[in-house]
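Take a look at the structure set out below.
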Amino acid sequence: MEFVKLIIPLIEVGILTVLLNYLLGFFWNTRAMDLIVGFLVILALFALANWLHLPVLQKILLGIVEVLVLAVLIIFQPELRIALSRLSFKGKKFQETSEFDRLLEHLTNSVYRLAERHIGAIIVLENQDSLEEFANRAVMINGDFSSELLESIFVTSTPLHDGAVILRGSTLVAASVILPLADDTSQLAKTMGTRHRAALGIAESTDALSIVVSEESGKVSIAREGMMTRGVKPDRFKGIARSIFSPPSPKRHFSLREWLTR
């Protein structure tokens with residue numbers, strides 16, 4: 001019994017270390033990391049107030065912690081969902097691979113290959129709001145999506161690289177698309193230029209999901225509902241896309257086109 005009592009704290013420390021390492025690895029270099037750091041600072045202040053027996057400060061900080069927990073669950077729901085899904089003990093052979101999953105996998109690979117090569121790009125995934133007015137003023141392609149086609153468009157030596165690409169389901173609708181620029185640039189860093197402003201602009205005026213690859217830093221950002229998320233890693237990228245374009249009910253199988261245009 002004494003031996004068990006001695007190793008229980010070590011087991012607890014080991015489990016907490018693994019969990020913290022997993023969470024930090026998932027959110028590192030993202031905007032969520034700033035919120036996590038702030039949360040930890042408040043917890044440290046709460047512990048200090050408890051140690052110094054400051055009851056008023058304890059109550060205030062406890063209220064702030066409760067609000068922050070709810071805020072994290074609401075704001076980062078897509079990211080938390082994909083993080084928890086990765087903890088599944090089922091093998092890949094038991095997981096259904098849908099048409100959407102295959103497209104998302106190819107799209108993710110293409111985006112991060114462009115990022116590795118520091119090739120600037122804007123890719124807009126059409127949702128319920130039609131982007132036809134923007135596509136009609138661009139170069140119409142209406143071809144089946146493929147990684148090779150998407151990546152070749154943004155090579156700087158091609159005439160179509162300067163602008164955005166619109167994806168509707170598995171169809172690459174148009175290239176060299178000119179998007180509206182965001183009026184409010186307060187959430188954009190000084191290093192972000194017209195490409196990020198255009199990605200944010202289309203996310204403000206429609207429900208589309210826009211993906212932007214920075215030519216300067218090679219980082220991937222996502223704009224949705226008028227908000228820009230910077231430094232997105234591949235797993236988080238997939239989680240955000242699935243949270244927007246996933247079917248509402250598992251009882252019915254939706255085709256990729258139905259998911260993205262429902």
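Which residue is farthest from residue 134 (Cα to Cα), if the candidates are limited to the stretch 149-184 and must be of a type in the set (Ser, Thr, Tyr) and either in contact with a strand residue (DSSP E or B) (Cβ under 8 Å, 6 or more places away or on another chain) or part of a helix (DSSP H, G or I) (or both)?
The qualifying residue farthest from residue 134 (Cα to Cα) is 152.
Checking the condition under 16 Å from the mean Cα position of the chain (by Cα) and among the polar types (S, T, N, Q), which residue from 205, 214 passes? Full working, then the answer.
On the way: 205 fails: under 16 Å from the mean Cα position of the chain (by Cα).
That would be 214, the only listed residue that is under 16 Å from the mean Cα position of the chain (by Cα) and among the polar types (S, T, N, Q).
Residues in the stretch 181-208 that are among the β-branched types (Val, Ile, Thr) and closer than 17 Å to residue 124 by Cβ: how many? Working first, answer last.
Filtering the stretch 181-208 for residues among the β-branched types (Val, Ile, Thr) gives 185, 191, 194, 202, 206.
Keeping just the survivors that are closer than 17 Å to residue 124 by Cβ gives 194, 202, 206.
Total meeting the criteria: 3.
Could you tell me which residue of the stretch 45-66 is farthest from residue 231 (Cα to Cα), considering only residues that are under 31 Å from the mean Cα position of the chain (by Cα) and exposed (fewer than 11 other Cβ atoms within 10 Å of the Cβ)?
My answer is 63.
Of all residues in the stretch 148-181, which are touching a residue at least 24 places away in the same chain (Cβ under 8 Å) and among the polar types (S, T, N, Q)?
156, 170, 171, 176
Is it the case that some residue within the stretch 120-133 is surrounded by 13 or more Cβ atoms within 10 Å (Cβ to Cβ) and touching an Asp or Glu at 6+ places or on another chain (Cβ under 8 Å)?
yes
Values in this text are rule-based calculations from the coordinates and carry no lab data. Being a predicted model, the structure only gives us computed values, none of them experimental. As a convention, Cβ positions derive from the backbone with ideal geometry for all residues, glycine included, and neighbour counts pool all protein chains shown.
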